[in-house]
Amino acid sequence: MAAGRGEFKSRWGFILAAAGSAVGLGNIWGFPTQAASNGGAAFVLVYLVLAFVLAYPVLMAELLIGRHAHGNAVAALRGISNSRLSAGIGALTGGIGILMACLILSFYGIVAGWILGYTASFPIEALGFTSAADWLIGFDLSRNISLMVLFMFMTIGIVVGGVHDGIERWSTRLMPALIVTLIALALYVLTLDGASAGLKVYLLPDLSRIFSGDLIFDALGSAFFSLSLGVGTMLIYGSYLSDKENLPSTGAQVALIDVGIAVLAGFLIVPAMFVAAERGVEIFDARGALLSEDTLIFNVLPALFETLGLAGTFMATAFFALLGVASLTSSISILEVPVAFLVEQFNWPRKRAALTAGALIATVSGIVLMNFDVLFGLVVTLTTRYGQPILGLMLCIYAGWVWRQDSLLGELKKTDAAAETSLFFRIWPVYVRFVCPVIVGSIVIRSIL
Ligand code: PFF
């Protein structure tokens, strides 16, 4: 292990940090709105199956490679390679992963900035500062840039603190707050008129949708995005994990929390949409389909909160703060990817690495904001639809084919003397070798076509 490398100090610290990375806009915003417009429980079911059958094995590949190498993605993929060619391709894959992580943060920071604006706007409006509140939620370049920069500073501030004092400390504070707020909001919404119509949509599967190709691909994309796969985030978090921890069960807990929070968020968002409809807010477009995801979060829900008076102000503030916290625990994990690389490969001090990477990413976000109509969708599609699955496929190939099997199995046996008799030990190595690459590969090919 490189001298002075950070380490998570406790198993819970790691689980909450990795779950913090996984739980983000993808869970609280993306998953429920996609479920509502894709056959409700049918989507939930497909998502659950894919999360455990496909995303969890890829998560394990990242965690195992990272923990084995105790190094950043470039060093780790090079380290497990068995030839000069595979070392070169591994370093390139790791490098592209770092670039993709930076691009993901460039759009994530923009959306998280909007969320900060919405969070502050409700109390500010209630205090009578209407024009300030309007500025915070208006789509204006100066507002978009200021809020994105503010969010990036928060992210940089935590990452500068290091693995234990920054990432672990803040994740263990913020994640419990997130879970409590989410449960409280869901319980409140479920008491309102109209919630049961939403529950029906969420819980009764429209089975005719289950075998639709698009549904499966959408659900897989969501599962990959939601578990932060492909770009080296989980790899770098795994690299800070002590050799004592049992990875299969730790990884399973992270996946369970991620999926659990997505499902829980559905109990808030989907009923809330139907409560809004009950109160006269439009939730369907002219063709009878649900409005787009961003309209639902930034227009429909605020319109609902407005109808609830003071309780609505509290709810709105808590809801957007919840989204803000979820974004922050994810953004720190994304920034850690380039930061770890700069610290380890170039011996930079952490502060310089975090400030430089953060400033570069914020500059890219600024460019995206100035050409929003063209670039925003492009960056999202490039990174999440192509980048993450292709890199996930490469990670499966490295874990299954490039990494020497005895070394991989040795990594699994490190913490569990009886590992050889476990189901995971018997299934996963074969699975990551044959099944994952074929399924993820066919999905990649389909997205390209
Ligand atoms: N998992 C995060 C979410 O669901 O919002 C997004 C994310 C974080 C994607 C980290 C990729 C990543 F590396």
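The values are calculated or read from the model by the stated rules, or taken from the named source; none is laboratory data. As the structure is a computational prediction, the values presented were derived from the model and not from experiment. All Cβ positions, even for glycine, are placed from backbone atoms using ideal geometry, and neighbour counts span all protein chains on display.
Every residue in segment 146-158 that is of a type in the set (Ser, Thr, Tyr) and buried (at least 19 other Cβ atoms within 10 Å of the Cβ), please.
Passing the criteria: only 155.
Only one of 337, 379 is β-branched (Val, Ile, Thr), crowded, with 23+ Cβ neighbours inside 10 Å and at pLDDT 95 or above; which?
On inspection, the qualifying residue turns out to be 337.
Would you mention how many residues in segment 34-65 are assigned to a helix (DSSP H, G or I), more than 18 Å from the chain's Cα centre (by Cα) and not hydrophobic (A, V, I, L, M, F, W, C)?
1
On the basis of being out of contact with any Phe, Trp or Tyr (no Cβ under 6 Å at 6 or more places or on another chain) and more than 16 Å from the ligand (Cβ to nearest atom), does residue 365 make the cut? Write out each step before concluding.
Working: out of contact with any Phe, Trp or Tyr (no Cβ under 6 Å at 6 or more places or on another chain): yes; more than 16 Å from the ligand (Cβ to nearest atom): no.
Spelling it out, it is not the case that residue 365 is out of contact with any Phe, Trp or Tyr (no Cβ under 6 Å at 6 or more places or on another chain) and more than 16 Å from the ligand (Cβ to nearest atom).
Would you mind finding the one in 173, 143 that is free of Cβ contacts under 8 Å to residues at least 40 places away in the same chain, surrounded by fewer than 21 Cβ atoms within 10 Å (Cβ to Cβ) and over 26 Å from residue 21 (Cβ atoms)? Outline the logic, then answer.
Working: 173 fails: over 26 Å from residue 21 (Cβ atoms).
Of 173, 143, the one residue that is free of Cβ contacts under 8 Å to residues at least 40 places away in the same chain, surrounded by fewer than 21 Cβ atoms within 10 Å (Cβ to Cβ) and over 26 Å from residue 21 (Cβ atoms) is 143.
Just give me the residues in segment 287-302 being buried (at least 16 other Cβ atoms within 10 Å of the Cβ), in a helix (DSSP H, G or I) and of a type outside the set (Phe, Trp, Tyr), in sequence order.
293, 296, 297, 299, 300, 301, 302
For residues in segment 112-136 being touching a residue at least 60 places away in the same chain (Cβ under 8 Å) and of a type outside the set (Gly, Ala, Ser), which is surrounded by the fewest Cβ atoms within 10 Å (Cβ to Cβ)?
123
If you check every pair at least six apart or on different chains, which have Cβ atoms under 6 Å apart with a residue in segment 378-405 that is within 16 Å of the ligand (Cβ to nearest atom) first and a residue that is hydroxyl-bearing (Ser, Thr, Tyr) second?
From residues that are within 16 Å of the ligand (Cβ to nearest atom), the pairs are 385/447; 394/93.
Please specify each residue of segment 401-449 satisfying the condition of being exposed (fewer than 13 other Cβ atoms within 10 Å of the Cβ) and not in a helix (DSSP H, G or I).
404, 417, 418, 449
So, residue 329, is that one modelled with pLDDT under 95, in contact with a helix residue (DSSP H, G or I) (Cβ under 7 Å, 6 or more places away or on another chain) and either buried (at least 24 other Cβ atoms within 10 Å of the Cβ) or assigned to a helix (DSSP H, G or I) (or both) or not?
Spelling it out, it is not the case that residue 329 is modelled with pLDDT under 95, in contact with a helix residue (DSSP H, G or I) (Cβ under 7 Å, 6 or more places away or on another chain) and either buried (at least 24 other Cβ atoms within 10 Å of the Cβ) or assigned to a helix (DSSP H, G or I) (or both).
Just one of (1) in contact with a Leu (Cβ under 9 Å, 6 or more places away or on another chain); (2) under 27 Å from residue 91 (Cβ atoms); (3) not hydrophobic (A, V, I, L, M, F, W, C) trips up residue 431, so point out which.
(1)
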